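S.K.: Sharing a structure, written as structure tokens. Questions coming.
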Amino acid sequence: MKRIPLLIWILATLLVSCSDNDKFSSDASAMLDFSIDSLAMDTVFATTSTRTYDFWVYNKGNAGIRIREVRLQHPSQSGFRVNVDGNYIDSVAYDFEIRKEDSIRVFVELTAPQTEKDIPQRIEDFLVFALENGREQPMKISAYSWKAILYNDELVVKEDMVIDERRPVVFQKGIVINQGATLQLSHTQFYFHDGAGIEVNGRLVADSCLFRGDRLDRMFPYLPYDRVSGQWKGIFIRSSADNSLQDCEIRSSYTGISCDDNSSLSLLRCTIHNCKGVGLEVDNSHATLDSCRITNTLGDCLNMMSSSVSVNHTTLAQFYPFTAERGVALRFDATSMLMCENTLVTGYEEDVVMGEGTDFYFGNCILRTLQPADMEDFENVIFESPKDDIQGEKHFKVFDTDNLFYNFSIKEESPAYSLEIGDLRNL
């Protein structure tokens, strides 16, 4: 008999709790809370879609809140697409409920409208939550649309061609330069989709160009995809003579440049950074590097096999951040010829120079490697050690491993600065 009052008490408590959860407020002071103040998307190429962004809508009150409608203020103009609690909004959606201390999730995407200007244009709209109590709470959502030239199919260069554009050029499937054809690129930013790259069977000449992946958004709030290696394929030069790049930057590719099968390549004031493979691979070919930087590659920064390479005023810095199983800064085999002058070769490890044979020369260089017993092929060379005051990452102006942001310009405190060793550009 004593158990009956206890059972009645439990049932009464449950009924009161259920009744409380079913209570909705019409009080004018009731309002929603949001996980963000506003939603700022990244820049996106015009007519292409962003990734999906999301945020939470909370009811932190003591009673449920009914949302009469959720609407975009300018749905036909902005291009935003919204899903609220599993319901897609076609300009407006009706009748949502959030019980007390509960939440719903909102997803937002954008297909950026076309613009008429060559610089990114801001797009803005408001997602308005109209409550049953008459209160309206707007959430600002914004992005930038960038007018681009889009190549959805592979660009096959069959005859001489020039690309000189102030708008970005986006390739979904890459470029192939046929034998006998020259592709000349000038003052243009090129964006390549995952798996796309440049195959050079003819000739490539580039001046003041950027080559990178086409993702403009972020992997994490602090990390743009452009700082993540392997975003696109890279540049591959096959049986091709007289290729040249000057004042160009290649970044976040799988391979930076692969040059093989009796090809020739000249790099002047170029940067190759953040590759998931080799930075510059020269196989049975000839290459010259002057005032260049090859930095942070999973494979070797510069790898030579049966090749002739001249390196001058260049920085080879091996600080690939994603794994300790990285390559070295400089590697050459016994069948290669290397002339290396006024060059800084450094990295995380104690020895980042791996060479074989005798057909090499180092003059006025800083090398992070063990000093050899035979110094015949080394002249005015400083052999860097982890024990040195200025060594490794301390040579460079910005070295932010938390945000994967680097500036490999040489600091004045570095011995390389006064000795004019390495890439002397202040970028």
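S.K.: Taking the DSSP beta bridges in region 50-202 as the whole, what percent of them are antiparallel, to the nearest 5?
M.R.: On the way: 37 of 52 bridges.
If we restrict to bridges inside region 50-202, about 70 percent are antiparallel.
S.K.: Follow-up. For region 217-304, what are the per-bin percents of Cα-Cα distances with bins 10 Å wide, up to the bin holding the maximum?
M.R.: 19, 49, 24, 7, 1
S.K.: Now for a different question. How compact is region 245-296 by the rule of thumb for globular proteins, expressed as Cα Rg over 2.2 N^0.38 Å?
M.R.: On the way: Rg = 10.3 Å, N = 52, 2.2 N^0.38 = 9.9 Å.
It is 1.05.
S.K.: By how many degrees, between 0 and 90 and to the nearest 10, does the Cα long axis of helix 3-21 differ from the longest principal axis of the chain?
M.R.: Its long axis makes an angle of about 70 degrees.
S.K.: Quick check: pseudo-label points 7 Å beyond the Cα along Cα→Cβ at SER186 and MET339, how many nm apart are they?
M.R.: Rounded to a tenth, the inter-label distance reads 3.0 nm.
S.K.: What percentages, rounded to whole numbers, describe P(r) for region 244-367 computed over all alpha carbon pairs with 10 Å bin width beginning at zero?
M.R.: 15, 51, 31, 2
S.K.: I need the per residue convex hull volume for the chain, using only the alpha carbons, in cubic angstrom as a whole number. If you can, show how the numbers build up before the last one.
M.R.: Numbers: hull volume 90.3 nm³, N = 427.
Dividing the Cα hull volume of the chain by its residues yields 211 Å³.
S.K.: Tell me which trypsin sites (Lys or Arg not before Pro) from region 350-408 have a DSSP coil assignment and no more than 10 other beta carbons within 10 Å of their own.
M.R.: Details: sites: ARG368, LYS387, LYS394, LYS397; in loops: ARG368, LYS387.
Qualifying residues, ordered by number: LYS387.
S.K.: Accessible area of the chain with a 1.4 Å probe: how many percent of it is carbon plus sulfur? The partial results should precede the final answer.
M.R.: On the way: 9730 of 20560 Å².
The C+S portion of the solvent-accessible surface of the chain is 47 percent.
S.K.: If the only charges are +1 at each Lys and Arg Cβ and -1 at each Asp and Glu Cβ, what is the size of the charge dipole of the chain around the Cα centre, to the nearest 20 debye? Mind dumping the intermediate values first?
M.R.: On the way: 40 positive and 64 negative charges, 427 e Å.
Rounded to the nearest 20 debye, it is 2060 debye.
S.K.: Quick one: what does P(r) look like for region 131-170 with 5 Å bins over all Cα pairs, in whole %?
M.R.: Spelled out per bin, shortest first, that is 5, 12, 14, 16, 9, 7, 6, 6, 7, 7, 5, 3, 2, 1.
S.K.: I'd like to know which of VAL200, VAL157, PHE107 lies farthest towards the positive end of the charge dipole of the chain, counting +1 on Cβ of Lys and Arg and -1 on Cβ of Asp and Glu.
M.R.: PHE107
S.K.: State the answer as a single residue: which of THR182, MET337, ILE89 lies farthest towards the positive end of the charge dipole of the chain, with beta carbon charges of +1 for Lys and Arg and -1 for Asp and Glu, about the Cα centre.
M.R.: Result: ILE89, furthest along the dipole toward the positive end.
S.K.: So, one more: With +1 on each Lys and Arg Cβ and -1 on each Asp and Glu Cβ, and nothing else charged, work out how big the dipole of region 252-400 is about its Cα centre, in Debye to the nearest 20. Spell out each step's value before the answer.
M.R.: Values: 9 positive and 23 negative charges, 136 e Å.
About 660 debye.
S.K.: Going toward the positive end of the dipole of the chain, with +1 on Lys and Arg Cβ and -1 on Asp and Glu Cβ, which of VAL228, SER308, LEU131 do you reach last?
M.R.: The listed residue farthest towards the positive side: LEU131.
S.K.: Based on Cα positions only, what radius of gyration and what Dmax would you give for region 104-198, in angstroms?
M.R.: 20.3, 73
S.K.: Long-range amide H contacts for SER258: which residues qualify at under 5 Å (H placed 1.01 Å from N, peptide plane, sequence gap of 5 or more or a different chain)?
M.R.: Those qualifying (amide H under 5 Å, at least 5 residues apart or on another chain) are ILE235, PHE236, ILE237, GLU281.
S.K.: Let me ask another. Taking every Cα atom in region 79-133, find the radius of gyration and the maximum pairwise distance Dmax, and write them in Å.
M.R.: Using the Cα atoms of region 79-133, the pair Rg, Dmax is 14.9, 48 Å.
S.K.: Ignoring solvent entirely, what values of log10 I(q)/I(0) come out of the Debye formula for region 372-427 at 0.14, 0.25 Å⁻¹ when each Cα is a single scatterer?
M.R.: Here the Debye-derived log intensity ratios amount to -0.46, -1.05.
S.K.: Something else about it: Using 0.36 nm per residue of separation minus the Cα-Cα distance, give me the extension gain between THR52 and ASP374 in nm, one decimal. Mind dumping the intermediate values first?
M.R.: On the way: separation 322, 0.36 × 322 = 115.92 nm, distance 5.97 nm.
That works out to 109.9 nm of additional length.
S.K.: Then there's this: I'd like the antiparallel share, as a percent to the nearest 5, of DSSP beta bridges with both residues in region 297-427. All intermediate terms of the calculation are to be shown ahead of the outcome.
M.R.: Numbers: 4 of 29 bridges.
DSSP beta bridges in region 297-427 are roughly 15 percent antiparallel.
S.K.: Sticking with this structure for a sec: With the other protein chains left in place, how much accessible area per residue, in square angstrom, belongs to the chain at a 1.4 angstrom probe? Numbers along the way, then the final one.
M.R.: Details: 20560 Å² over 427 residues.
Heavy-atom SASA per residue in the chain reads 48 Å².
S.K.: Moving on. Which whole-Hz couplings ³J(HN,Hα) result when phi for each residue of region 91-105 is put into the Karplus expression 6.51 cos²θ - 1.76 cosθ + 1.60, θ = phi - 60°, listed in order with x for Gly and Pro?
M.R.: Karplus-based 3J(HN,Hα) across region 91-105 equals 6, 7, 9, 10, 6, 10, 10, 10, 6, 4, 6, 10, 8, 10, 10 Hz.
S.K.: Show me the ranking of peptides 142-151, 94-103 by mean Cβ neighbours inside 10 Å, starting with the highest. Mind dumping the intermediate values first?
M.R.: Working: 142-151: 19.7, 94-103: 15.3.
Going from most to least packed, we get 142-151, 94-103.
S.K.: Using label points projected 7 Å from each Cα along Cα→Cβ, tell me how many nm separate PHE34 and LEU150, to one decimal.
M.R.: 2.8 nm
S.K.: Further question: So, by mean Cβ neighbours within 10 angstrom, what's the order for 415-423, 403-411 with the highest one leading?
M.R.: Numbers: 415-423: 19.7, 403-411: 17.3.
Ranking the peptides 415-423, 403-411 by packing returns 415-423, 403-411.
S.K.: Looking at the chain, send over the antiparallel percent of its DSSP beta bridges, to the nearest 5.
M.R.: Details: 46 of 146 bridges.
That works out to approximately 30 percent antiparallel.
S.K.: Give me log10 I(q)/I(0) at q = 0.14, 0.23, 0.29 Å⁻¹ for region 194-247, Debye formula, one equal scatterer per alpha-carbon, no solvent.
M.R.: Log10 I(q)/I(0), no solvent term: -0.48, -0.92, -1.13.
S.K.: Also: Between region 136-206 and region 319-337, how many Å separate their Cα centres?
M.R.: 30 Å
S.K.: Right, next: Could you calculate, for region 34-80, the ratio of the Cα radius of gyration to the Kirkwood radius, expressed as Rg to Rh? Before the final figure, lay out each step's value.
M.R.: Working: Rg = 14.5 Å, Rh = 13.9 Å.
Ratio of gyration radius to Kirkwood radius for region 34-80: 1.05.
S.K.: Let me ask something else about it. Classify region 17-140: rounded, prolate or oblate, from the alpha-carbon gyration tensor (a ≥ b ≥ c, eigenvalue square roots; a/c under 1.5 rounded; otherwise prolate if a/b is larger than b/c)?
M.R.: Working: a/c = 2.74, a/b = 2.50, b/c = 1.09.
Here region 17-140 falls in the prolate category.
The values are calculated or read from the model by the stated rules, or taken from the named source; none is laboratory data. These numbers come from a predicted model, not from an experiment. For neighbour counting, all protein chains shown are included, and Cβ atoms are generated from backbone atoms with ideal geometry for every residue, glycine included. Side chains are part of the model used for accessible areas, which takes the heavy atoms of the whole protein and leaves out ligands, DNA and RNA. Shrake-Rupley method; radii C 1.70, N 1.55, O 1.52, S 1.80 Å.
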